[in-house]
Structures are given as structure tokens and as C-alpha cells.
Amino acid sequence: MEHICLFIIFIIVVTSSTVKNMRAVQLKEFGGVENMYVSDVSIPDLPSSDYILIHVAAAGVNRADTIQRKGLYMPPSGESDILGLEVSGIIEKVSENVTAFSVGDEVMALLGGGGYAEYVVVHQCQVMNIPKGIDLVTAASIPEVWLTAYQLIHLVAKIKPNESVLIHAAGSGVGTAAIQLAKQIPGCFIIATAGTEEKIEKARQLGSDVVINYKTTVFSEVVKEVTNGIGVNVILDPVGGSFWHQNLAVLSVDGRWVVYGLLGGGCVEGTILSQLLMKRGSLLTSTLRTRSIEYKKFLVESFVQSSIDKFTSRVFMPIIDSVMSLDQVKEAHERMEANINSGKILLTVSNDFQKKEL
């Protein structure tokens, strides 16, 4: 009998120690994809209030992840240094003051970091219920890119009915979301640029009025032609340096140029300020990761109230490029950095989940 009791105690100890660990992507050092590997780490602790522990089903891969991997975009203070800015999954635990969510709820969440792991802790204000009709894995494609696109269009650029918008990187996650969001603004004229015919066709299908392959065409010439020389009211630009000449050429008087990325470099030389001044143009910039909890709460609530039901009605559709396993994280980053993807790249994180059918 004594041996049986000791055996049971041993099993309990081993089991309890096992559940304290999770699989997560780690970095040997900053640099290339070869520095990423999957290893066991401790499951994050749940703070005393307002936070939720999510058992992660899938994580979205974002350009910011590749930049952080290189050591150029560090997480805000207090956030996990594990890569990953958006996840879907099932709530494992809730702390006190969490009233809108319960253990077992299927949710998606915007993160400051930590998504490439089996468990993640996040403030309750950054958690959303998954729209009806969206499966658990696909839901991971929504939080970061759709909230970013919503922020750019409605809170930063403040696009009004009958205005025109030039959307660069239209084949990206943010780009495909931005097209769909802009399409809901009455009379909005949408011009989209991308670098492959596949991405161009997808932008057209999503509702762009004009599509331009920037690799084969000088996009500024086409924009001038289709706007009768007036230019566009708004430019959504994740490119930066390499596009500034053409962007200024097609920015309308009193136009808003929103820079939210620097894929084409952050250095600019020339008459950018004088040209911007002559057009009374506004140069706006935006990031989301470093925003305050209060801002993210407002953003999430606004997005949920105005847009979340549109996924159920299929007005809005997450565009998925590919789904890979956590162990394929190197391939996922390589695909993104090669600009091959059209839409979101997702990583299935935990083997405990099976993808549900729509």
C-alpha cells in the first residue's frame, strides 16, 4: 500500500511539473531565420487582475515579427520577448476583474508579444470573441492586421465619404483588410498597388477600383490619370523611403499621407518638405504595438461594435495565404520576407486543437 501511495504522489508531481512548461519559439541571437528554434519554456504567470491566459491554437505572422527577430523592434516594457502579436485559442484561466470572458471561451487577441507559444497572457481589453462562422485557426488572422487597418482608415487618416485612397502593399494582411474596410465607406475610390499579378487580382476581387503592379508600371502616372491630375486624398504607406517621390506627386492638396512602415527604407533626401508644404499636405505616422492599454481598449471596442458582425455576414473576409506548424516558423518568415505571401501566414501552435470547418 505504501508503494502505491508513493507511486501516485510521483505521478502527481511529474504531471504538475509538466503542465508548467510550454513549447515556444526562442532566439539564439538576433539575426536570420536560422536563429529561431522551438523549445520548452515556462508558462507565463497570470497577474492578479484584468488578465487572461489563453491556450493558443494559432498565431499570425507579421512583418513586425521579422523585424524583432533581427533585433530592430523590441517589445514594450513588460511584454513577452517571444515573437507574435496576435493569436486565437481557448481561455485557460481568468484573473479577478475579468467579467466579459470565461474559461473555455473561444477568443482571439491582440498582443504586445508572446504569440509564438502554446500559452499567452493578455489584458482582457485586447481579447475579442471569435465571430460566428470563423474557425478557430482562421481567427488568428484578424486581431493585428484588421485592428491596424481599422486604426489607419478611421482613426488616423479619418477617410470621409467620396474621398480617394491609395493603398500600398495591397497583398499584405493589412492591405487586404484596408481594401475591405475602405470599401464600406460610401463613395470611397480605392487605388491599390502590389508587386505580383496574383496580388493585383486579389485586390481587384476585394473591391479596388484601380489596381497597379508597381514593378511593371510607374504607379504615380496611373494615379494622376485616373484622378484627372487631382491626386488622392489619402495614402496608406508601409513602404516609406523608396516611394516618397511618387507618393508626393499624387498626394492631393490638403491630402493625408500615412506612413506605418518602412519596407523601402527610412532615409529621405530631397525636397520632400517643400513639396509637402506647397500642397498643405499632412504627413502622419502610426504604430499600434506601443499604444497604451486605454487606447487599445477604445480601438478594440470601436472595431467590435462597428465591424465584427461583418465577418459573420461575409462582408469582411480574412485572407489566408498559408497555414504552417510552429516547427515551420523559419519557412514562414522566409515566405514573408520574400514577399511571396498574399494575405496572412498563420502558425498552428498547439497540437491540442484541430481546425474546425467553417
query = Is it fair to say I90 is open to solvent by 10 Å² or more (accessible area, probe 1.4 Å), closer than 22 Å to K132 by Cβ, in contact with an Asp or Glu (Cβ under 8 Å, 6 or more places away or on another chain) and at pLDDT 95 or above?
reply = yes
note = For the range 219-248, the count of residues that are open to solvent by 20 Å² or more (accessible area, probe 1.4 Å), of a type in the set (A, V, I, L, M, F, W, C) and modelled with pLDDT of 95 or more equals 3
query = Is at least one residue of the range 281-297 open to solvent by 60 Å² or more (accessible area, probe 1.4 Å) and farther than 24 Å from Q126 by Cβ?
reply = yes
ask   = Can you name the residue in the range 63-86 that is open to solvent by 20 Å² or more (accessible area, probe 1.4 Å) and of a type in the set (S, T, Y) and is also farthest from S325 (Cα to Cα) among such residues?
value = S77
task = Please determine, by comparing only the residues of the range 317-358 that are out of contact with any Gly (no Cβ under 8 Å at 6 or more places or on another chain), polar (S, T, N, Q) and at pLDDT 90 or above, which one is surrounded by the most Cβ atoms within 10 Å (Cβ to Cβ).
result = T348
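Residue-by-condition table, conditions (1) touching an Asp or Glu at 6+ places or on another chain (Cβ under 8 Å); (2) farther than 23 Å from E86 by Cα; (3) part of a strand (DSSP E or B); (4) modelled with pLDDT under 95:
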residue	(1), (2), (3), (4)
C5	no, yes, no, yes
I9	no, yes, no, yes
T15	no, yes, no, yes
E34	no, no, no, no
D40	no, no, yes, no
Y73	no, no, no, yes
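For the range 117-159, name all the residues that are assigned to a helix (DSSP H, G or I) and open to solvent by less than 10 Å² (accessible area, probe 1.4 Å). Explain how you work it out, then say what you get.
Kept after step one, since they are assigned to a helix (DSSP H, G or I), are these residues of the range 117-159: 124-126, 138-141, 143-156.
Hits for the range 117-159 are Q126, A139, A140, S141, P143, V145, W146, L147, A149, Q151, L152, I153.
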request  = Report yes if some residue within the range 144-152 is closer than 15 Å to K344 by Cα, at pLDDT 95 or above, of a type outside the set (A, V, I, L, M) and out of contact with any helix residue (DSSP H, G or I) (no Cβ under 7 Å at 6 or more places or on another chain); otherwise report no.
outcome  = yes
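Rundown of residues vs (1) open to solvent by 10 Å² or more (accessible area, probe 1.4 Å); (2) of a type in the set (S, T, N, Q); (3) free of Cβ contacts under 8 Å to residues at least 60 places away in the same chain; (4) on the phi > 0 side of the Ramachandran plot, yes/no style:
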| site | (1), (2), (3), (4) |
| --- | --- |
| A182 | no, no, yes, no |
| A192 | no, no, yes, no |
| E198 | yes, no, no, no |
| A203 | no, no, yes, no |
| Y214 | yes, no, yes, no |
Inter-residue pairs, beta-carbon under 7 Å, first β-branched (V, I, T) and modelled with pLDDT of 95 or more and in the range 252-265, second surrounded by fewer than 19 Cβ atoms within 10 Å (Cβ to Cβ) and in a loop (DSSP other than H, G, I, E, B), 6+ apart = V253/K279; V253/R280; V258/S286
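Could you run through the range 43-57 and say how many residues are assigned to a strand (DSSP E or B) and within 18 Å of V87 (Cβ to Cβ)? Walk me through how you get there before you give the answer.
Taking the range 43-57 first, the residues assigned to a strand (DSSP E or B) are 49, 51-57.
Still in the running and within 18 Å of V87 (Cβ to Cβ): 51-57.
Adding up the residues that qualify gives 7.
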task = Kindly list the number of the only condition in (1) in contact with a Ser or Thr (Cβ under 7 Å, 6 or more places away or on another chain); (2) in a loop (DSSP other than H, G, I, E, B) that fails for G187.
result = (1)
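Take the conditions assigned to a helix (DSSP H, G or I), crowded, with 24+ Cβ neighbours inside 10 Å and either within 12 Å of the chain's Cα centre (by Cα) or in contact (Cβ under 8 Å) with a residue 12 or more places away in the chain (or both) and apply them to V165. Does it pass? Please lay out each step first, then the result.
Values: assigned to a helix (DSSP H, G or I): no; crowded, with 24+ Cβ neighbours inside 10 Å: yes; either within 12 Å of the chain's Cα centre (by Cα) or in contact (Cβ under 8 Å) with a residue 12 or more places away in the chain (or both): yes.
So V165 does not fit the description; no.
The values are calculated or read from the model by the stated rules, or taken from the named source; none is laboratory data. Source: prediction; values computed, not measured. Heads up, the Cβs are rebuilt from the backbone with ideal geometry, glycines too, and the neighbour counts pull from every protein chain shown. Surface areas here come from the heavy atoms of the whole protein model, side chains and all, with no ligands, DNA or RNA. Shrake-Rupley method; radii C 1.70, N 1.55, O 1.52, S 1.80 Å.
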